[in-house]
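Below is one structure; the comments refer to it alone.
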Amino acid sequence: MKIIAGPCVIESEELLREVAQELVRIKNTYDVAVYFKASFDKANRTSLSSFRGPGIEQGIAMLESIREEFGLPITTDFHSAEQIIEHGHRVDIVQIPAFLCRQTDMLIAAGKTGKTVNIKKAQFLNAEKMKYAVDKVKSTGNQNVWLTERGTLYGPSELVVDFRNIQKLSA
């Protein structure tokens, strides 16, 4: 079993350390693989005035310190191919946000890092359509692709997780 967990956005080093300490406890108690995730920039906030994070340089440096101190592999969402090209080598897993899961340039750049690529399934796609995102990453020779179920939209604001998708995504 794999768990990807952490605070939604990087708010402070203290919060990162507190969450990492708990994740190490869970990892050791239940003998599961734990990957630490937090966003350096939450670019999709509803409000223009919402806190977005410390930015890519400081944010990834903070994640790297969590990896070093706690021994947890790290991941974060990237928002452009350029970010992946410049910083993808610094994380253990390159994560593609759900709303960007079909962006060819990002998927190719992520694949070229040689890192595991975790693609979040967009809420507007069915599980079967994720094959095309996976194929884009694998076209680079990188076969290390994970998919994360993010639910499906039914109507303008009804998000439902269809657990049958988990089996479909792992096929």
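The values are calculated or read from the model by the stated rules, or taken from the named source; none is laboratory data. Quantities reported herein were computed from a predicted structural model and do not represent experimental measurements. As a convention, Cβ positions derive from the backbone with ideal geometry for all residues, glycine included, and neighbour counts pool all protein chains shown. Surface areas here come from the heavy atoms of the whole protein model, side chains and all, with no ligands, DNA or RNA. Shrake-Rupley method; radii C 1.70, N 1.55, O 1.52, S 1.80 Å.
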What is the distance, in nm, between label points placed 7 Å from the Cα along the Cα-to-Cβ direction at GLU69 and at GLU57? 2.2
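Given a 1.4 Å probe, how much area per residue of the range 1-57 is accessible, in Å²?
For the range 1-57, the per-residue accessible area is 63 Å².
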Rounded to one decimal in nm, the spacing of the 7 Å Cα→Cβ label points at SER80 and ILE166 is 3.6
For LEU147, list long-range residues whose amide hydrogen, built 1.01 Å from N in the peptide plane, is under 5 Å from its own amide hydrogen. ILE119
Collect residues whose amide H, placed 1.01 Å from N in the peptide plane, falls under 5 Å from the amide H of THR116; neighbours closer than 5 in sequence don't count. VAL94
About the Cα centre of the range 110-152, how large is the charge dipole given +1 on each Lys and Arg Cβ and -1 on each Asp and Glu Cβ? Please answer in debye to the nearest 20. 120
Does the range 92-171 classify as rounded, prolate or oblate by the C-alpha gyration tensor (a ≥ b ≥ c root eigenvalues; a/c under 1.5 gives rounded; else a/b over b/c gives prolate, otherwise oblate)? prolate
Whole number in Å², please: accessible area per residue of the range 122-170, 1.4 Å probe, ligands, DNA and RNA not counted. 66
Residues of the range 89-108 with amide N under 19 Å of a point placed 7 Å along Cα→Cβ from GLN123: 96-103
For the chain, with +1 on Lys and Arg beta carbons and -1 on Asp and Glu, the positive-most of LEU63, ILE166, HIS79 along the dipole: ILE166
Over the range 1-153, what relative contact order in percent results from Cα pairs under 8 Å that are six or more residues apart? 16
Taking all protein chains as present, what is the carbon and sulfur share of the accessible area of the chain, in % to the nearest whole number, probe 1.4 Å? 50
